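Please read the structure below before turning to the comments.
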Amino acid sequence: MVDPSLLPLDPHRLPDRGEWFSPDAERHLLDRPKFCPTCGGSLDNGMITEYWRSDERVFYTWCPSCSWTGNVVKVDRATIFEAEH
Ligand SMILES: [Zn+2]
């Protein structure tokens, strides 16, 4: 469980800490995308639905500023290859 003082304000009430899904709800609140990957607008009034695909956490996201819709995937580590110059 996350220290409650570290959690940002949420317009929706978090479940009671004794509920089995409470840690997942807290992680969602902390890890969800905050800004649109296309226009940079705030996603506070957007739609962000989280689902899991194998060990990936996928945030299906809609931006209210530019209407971008897509998936944002949370990763713990990325391996990127850079082409030689
Ligand atoms: Zn946007």
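Sort 51-59, 63-71, 1-9 by the packing proxy (mean of other Cβ within 10 Å over each peptide's residues), most packed first.
On the way: 51-59: 11.4, 63-71: 14.1, 1-9: 8.8.
Ranked from most to least packed, the peptides come out as 63-71, 51-59, 1-9.
Would you mind putting 14-22, 75-83, 26-34 in packing order, based on average other-beta-carbon counts within 10 Å, highest first?
So the peptides 14-22, 75-83, 26-34, ranked by packing, come out 26-34, 14-22, 75-83.
Restricting attention to the alpha-carbon atoms of segment 35-85, what are Rg (one decimal) and Dmax (integer), both in Å?
Considering segment 35-85 through its Cα atoms, Rg and Dmax are 13.6, 42 Å.
Quick one: if you stick a label point 7 Å off each Cα along the C-beta vector at VAL58 and HIS85, how many nm between them?
It works out to 3.6 nm between the two label points.
Using only alpha carbon pairs under 8 Å that are at least six residues apart, calculate the relative contact order of segment 35-85 and give it in whole percent.
Relative contact order comes out at 27 percent.
Can you tell me the convex hull volume per residue for the chain, based on C-alpha atoms, in Å³ to the nearest whole number?
For the chain, the hull spanned by Cα atoms encloses 145 Å³ per residue.
Read-outs: derived from the displayed coordinates by stated rules, not from any lab. The structure displayed is predicted, hence computed values, not measured ones. Neighbour counts are summed over all protein chains in view; Cβ atoms, including those assigned to glycine, are modelled from backbone coordinates with ideal geometry.
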